[in-house]
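This report refers to the structure that appears directly beneath it.
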Protein chains: 2
Amino acid sequence: MSAALPLLAIPMGIDTHQEPVVFLRADSEVCRAEGFIANTRILVCVNSRSLIATLNVVTNEVLPARHIGFSRIAWERLALSGNEKVTVRHAPVLHSMSAVRKKMYGHTLSEKEMDDIITDISQHRYSDMQIAAFLTAGVERLNTDEIIALTRAMVDSGKRLTWPKRLQLVDKHCIGGLPGNRTTPIVVAIASAAGLIMAKTSSRAITSPAGTADTMEVLTRVHLDLAEIQATVRKANACLAWGGAVNLSPADDMLIRIERALDIDGTGQMVASVLSKKIAAGSTHALIDIPVGPTAKVRSQPDAEAMSQLFEAVGRALKLKVRCLITEGSEAIGYGIGPAQEAIDVLAVLQNQPAAPADLRERALLLTSNLLNMAGRGSLGAAEVQARELLESGKAWAQFQRICEAQGGIKPIPEAACSLQLGARHSGTLLAMDNRRLARLAKLAGAPNTPAAGLRLHAKLGQALAMGQPLFTLYADSQGELDYAADYYEHNHDLFMIGESP
Amino acid sequence: MSAALPLLAIPMGIDTHQEPVVFLRADSEVCRAEGFIANTRILVCVNSRSLIATLNVVTNEVLPARHIGFSRIAWERLALSGNEKVTVRHAPVLHSMSAVRKKMYGHTLSEKEMDDIITDISQHRYSDMQIAAFLTAGVERLNTDEIIALTRAMVDSGKRLTWPKRLQLVDKHCIGGLPGNRTTPIVVAIASAAGLIMAKTSSRAITSPAGTADTMEVLTRVHLDLAEIQATVRKANACLAWGGAVNLSPADDMLIRIERALDIDGTGQMVASVLSKKIAAGSTHALIDIPVGPTAKVRSQPDAEAMSQLFEAVGRALKLKVRCLITEGSEAIGYGIGPAQEAIDVLAVLQNQPAAPADLRERALLLTSNLLNMAGRGSLGAAEVQARELLESGKAWAQFQRICEAQGGIKPIPEAACSLQLGARHSGTLLAMDNRRLARLAKLAGAPNTPAAGLRLHAKLGQALAMGQPLFTLYADSQGELDYAADYYEHNHDLFMIGESP
């Protein structure tokens, strides 16, 4: 096969996010000889490194002759410094896309096919459109064996944390769908105060207004490398880090980016995503919180039970002890929605503030008791007594500070530049709230990309409200985003149901 | 909602194909105020026109302050000339994506939901990734009602050709999968010589090495507007135009572009694509050719029958008379694969050349007889006699020339710059060929983008071959592409099966 003539590398100063783009002149020899047109997928080789990128074709003014331009991510992935000799050719046929097409038609993928897809994705060989096709094809049609294969392939796609033999490492995860349900920092603080080891790595939000990593980033540094995670755990028995920084299950981060753009979150991918991170982090036990409610991610008890069985089956196949807790999920937990607002609730519980949200505290205690019980630290009842004592005595708060110190110190919680308080439109009892639209409202205000953005509820279900009494406050960092969210609320008043006063 | 400060429009000289991209400086007020980052979907407004585009963020050197850059397609769609005042904001929530997500989960879409999706796609509101998600979700899971709704929405998305009342307009279509099966130009020539009216618009190839529009473009101008189509039909009773130029079912062209990138071709979308073009062109009768064979697009008789029923049901709902013919599809038709090579076969049949491929001629006669019969021009037997007489007497060839003249005149067939003849690797009988890999081989050589690229077979099934006897010739416009295809063949010798001589 003929290698094309070398071109000289030049940065374009263009940020195309995660999809690498290269730029060639329309009149370049290589475009004509190889038959390249805009959007052709091409293989770019520099020294011994290579990358598959999407081509944008440019006019003469934009690029000097005999040069090839790179977008920021393409430049970084190839570790270029400028003027390197670059050759380009058609990207090789991506055989694993045949397996993606097979899945679109509802056929079952083998372990090898799943592994090939995940390897190609983690090696950046898929375009965003191809990843979107894979996710869409599998969003609700992966069987248990395929999900096991997907999980294993995702673990194999990245690094793994190793720990001394026979050390118990426990972990917990909530599948989400319940705004404000930020139990993890509290659970980790109490459980590690009780002596359990928790090397907790968390994701950023996928479709929600905040993930645990987003919330923890408000309070401390979460961008730890593998050595820092291990050092933090040695010092404090636990850490609360962002998983994406450590190349544990890197394919997962690429899938999550596209899931976020399409606003989807399939069960199979979710189970694989959650458990691959746990296994790569070296966990031996994992507790999964599955909230069920009419507007939560899982809507019915049978769905929750099916998901629970799937988690346990995949865990079994990969030698991870998994317990699922199906919990009440009919309203948002705590008062805050969005990274900073949720951090406020977390600190209120850990500091035993009188106004701390009781629902958040009780959920955290339930989860911690189960973790202690799973790890062989006595009956559920005894575990609950121990957990409550650790929280109320302030030992959990001291332990939380120890973890944050080990990660780089506690930071002040940022305040939003703009806010808008909205009141009840008539008097009555707060009967229901739509978690999905509440989450959307917080996202329109800028969460999770803007940590201070989101909203704070001033009422919980069952509460009596006078007309005009504060119902919630919106927070945003710019007037544009605040207006954007307020405008959405104008068209969605019914996301709160207030029964009329008699 | 706050409108952002106006920016000045400037072309970037970058071709991003069909996905519009705009460029803003990272330090621009609007990026900070609106919270824009790379890949944000934004609404761009200029005077009374607007467009949804993907954002690329650029450094200061690339763009003057207070300017916004546009990719070629974004510039063209907004009909900009430079320095217009532009405002940008977050793209509105795309409600129809909720319906796409619903489909991913296997739920049925209503007529309204399907219409909303197609309207948004044809208004360019979807990113390529979102179109990929819609196509993947529906690739084999649309029911008959959804396909009817999709077809109707696609017709409504564009213009329609109108014809005098009660005029019969007949059309034919082959669902493809059989390389070289280029009957359309022959059928149109014979049928219109017999007095039928055929305003034939054809697609370019989706996953094959040539579509009828690609092949006809080798011979004449196919880029006709609506008035030219009507004028050609008035002059010559028929035309052979490219459908994409006339905004008949424009959403179809956008779907086909992404289907091509993903190399998929779902049944529901295919039926909607085919019939929406026919209905928009004003046809009253449509004959559909469904070849069945082990490596054709349809593999079994039951699949072909199911597809046939689907075509007829959708036709019935939209008042188009549809007849399907299930035909033999076990080997490539004719000798040529690729636009120019197929045009050579078409002319050989029309000119009654002694070496003309008999299989192509007989298929064309079968289809034409069915069209004449559907249109009430006598029994199948009588129609066949008439069709054969029109072909053999040269009347069909004269009629074909009349059509081409009306479209702008016949062009000489282009010759490829590079070719490579390959011989049988051992002596024996040619027992089978793999249509799919043959199609891939022609595509790797550059078909259909390079019209002269493709291949020419020198043997048909059942033929005895001596070792080294010419098996096929590859054609490409550059050595790079020729090598690329030859390399693929090196690894896929078994796409021809030659039984060993005894």
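Before moving on, here are some points about what is shown:
- Region B:309-330 residues that are β-branched (Val, Ile, Thr), paired with ones that are assigned to a loop (DSSP other than H, G, I, E, B) (beta carbon under 6 Å, 6 or more apart): none
- Every residue from region B:366-387 that is of a type in the set (S, T, N, Q) and in contact with a strand residue (DSSP E or B) (Cβ under 8 Å, 6 or more places away or on another chain): B:ASN370
- Within region A:350-380, the set of residues being touching a helix residue (DSSP H, G or I) at 6+ places or on another chain (Cβ under 8 Å) and either among the basic types (Lys, Arg) or more than 21 Å from A:LYS460 (Cβ to Cβ) (or both) comprises A:ARG361, A:THR368, A:SER369, A:ASN370, A:LEU371, A:LEU372, A:ASN373, A:ARG377, A:GLY378, A:SER379, A:LEU380.
- Selection status of A:PRO412, closer than 30 Å to A:ASP225 by Cα, surrounded by 15 or more Cβ atoms within 10 Å (Cβ to Cβ) and not assigned by TED's automatic domain parsing to the domain that holds A:SER369: no
For (1) of a type in the set (A, V, I, L, M); (2) outside any loop (DSSP other than H, G, I, E, B), each residue gets a yes or a no:
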position: A:PRO354; (1), (2): no, no
position: A:LEU367; (1), (2): yes, yes
position: A:ARG388; (1), (2): no, yes
position: A:TRP397; (1), (2): no, yes
position: A:ILE410; (1), (2): yes, no
position: A:ALA416; (1), (2): yes, no
position: A:LEU430; (1), (2): yes, yes
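- For region B:277-324, the candidate set comprises residues that are within 24 Å of B:ASP434 (Cβ to Cβ) and part of a strand (DSSP E or B); within that set, the residue that is farthest from the chain's Cα centre (by Cα) is B:VAL292.
- Odd one out for B:GLY394, checked against (1) away from chain A (no Cβ under 14 Å); (2) within 29 Å of the chain's Cα centre (by Cα): (2)
- Hits in region B:418-451 (condition: farther than 25 Å from B:ALA358 by Cβ and hydrophobic (A, V, I, L, M, F, W, C)): B:CYS418, B:LEU420, B:LEU444, B:ALA445
- Test result for A:ARG166, within 23 Å of the chain's Cα centre (by Cα), basic (Lys, Arg) and away from chain B (no Cβ under 14 Å): no
- Within region B:404-425, not a single residue is under 30 Å from B:ASN370 (Cα atoms) and of a type in the set (Ser, Thr, Tyr).
- Residue in region A:475-494 that is aliphatic (A, V, I, L, M), loosely packed, with under 15 Cβ neighbours inside 10 Å and either at pLDDT 90 or above or over 28 Å from A:VAL298 (Cα atoms) (or both) present: no
- Residue within region A:15-31 that is more than 24 Å from B:TYR488 (Cβ to Cβ), in a helix (DSSP H, G or I) and of a type in the set (A, V, I, L, M, F, W, C) present: no
- Taking helices (runs of 4 or more DSSP H) as the structural unit, those lying wholly within region B:170-271 and holding at least 3 residues that are out of contact with any Pro (no Cβ under 7 Å at 6 or more places or on another chain), within 14 Å of another protein chain (Cβ to nearest Cβ) and aliphatic (A, V, I, L, M) correspond to B:250-262.
- Matching residues in region A:59-86 - criterion: being small (Gly, Ala, Ser) and loosely packed, with under 12 Cβ neighbours inside 10 Å: A:ALA65, A:ALA79, A:SER81, A:GLY82
- With respect to the conditions (1) basic (Lys, Arg); (2) within 33 Å of the chain's Cα centre (by Cα); (3) over 17 Å from B:VAL21 (Cβ atoms), A:ARG66 lacks only one, and its number is (2).
- Exactly one residue out of B:LEU365, B:LEU350 is touching a residue at least 40 places away in the same chain (Cβ under 8 Å), of a type in the set (A, V, I, L, M) and in contact with a Pro (Cβ under 8 Å, 6 or more places away or on another chain): that is B:LEU350.
- Single residue of region B:382-394 satisfying the filter (among the small types (Gly, Ala, Ser) and in contact with a helix residue (DSSP H, G or I) (Cβ under 8 Å, 6 or more places away or on another chain)) that is farthest from B:LEU178 (Cα to Cα): B:ALA383
- Residue match in region B:331-339 (condition: assigned to a helix (DSSP H, G or I), crowded, with 19+ Cβ neighbours inside 10 Å and within 20 Å of the chain's Cα centre (by Cα)): yes
- Taking region A:146-172 as the range and being closer than 28 Å to A:THR108 by Cα and among the aliphatic types (A, V, I, L, M) as the test, the residues that pass are A:ILE147, A:ILE148, A:ALA149, A:LEU150, A:ALA153, A:MET154, A:VAL155.
- Unique residue being more than 24 Å from A:ASN39 (Cα to Cα), of a type outside the set (Ser, Thr, Tyr) and within 24 Å of the chain's Cα centre (by Cα) when the list is B:ARG456, B:ARG440: B:ARG456
- Subset tally (residues that are surrounded by fewer than 22 Cβ atoms within 10 Å (Cβ to Cβ) and among the polar types (S, T, N, Q)) for region B:145-186: 2
- Among all positions in region B:299-308, there is no residue which is closer than 30 Å to B:GLU415 by Cα and not assigned by TED's automatic domain parsing to the domain that holds B:GLY454.
- Of all residues in region A:234-249, those satisfying the criterion of being in contact with a strand residue (DSSP E or B) (Cβ under 8 Å, 6 or more places away or on another chain) and either of a type in the set (D, E, K, R) or buried (at least 23 other Cβ atoms within 10 Å of the Cβ) (or both) are A:ALA238, A:CYS239, A:LEU240, A:ALA241, A:GLY243, A:VAL246, A:LEU248.
- Checking each residue of region B:138-146 against the condition of being at the interface with chain A (Cβ under 9 Å from one of its Cβ atoms) and either in contact with an Asp or Glu (Cβ under 7 Å, 6 or more places away or on another chain) or over 25 Å from A:LYS102 (Cα atoms) (or both) gives no match.
- Restricting attention to region B:434-474 and to residues that are part of a loop (DSSP other than H, G, I, E, B) and among the charged types (D, E, K, R), the residue that is modelled with the lowest pLDDT turns out to be B:ASP434.
Conditions (1) of a type in the set (S, T, N, Q); (2) crowded, with 17+ Cβ neighbours inside 10 Å; (3) in contact with an Asp or Glu (Cβ under 6 Å, 6 or more places away or on another chain); (4) more than 30 Å from B:ASN237 (Cα to Cα), marked per residue:
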| site | (1), (2), (3), (4) |
| --- | --- |
| B:SER379 | yes, no, no, no |
| B:ALA383 | no, yes, no, no |
| B:ALA398 | no, no, no, no |
| B:CYS404 | no, yes, no, no |
| B:GLN407 | yes, yes, no, no |
| B:GLN421 | yes, no, no, yes |
| B:GLY428 | no, yes, yes, yes |
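The values are calculated or read from the model by the stated rules, or taken from the named source; none is laboratory data. Keep in mind it's a predicted model, so treat the numbers as computed, not measured. Cβ sites come from the backbone with ideal geometry, for glycine too, and all protein chains shown count toward neighbours.
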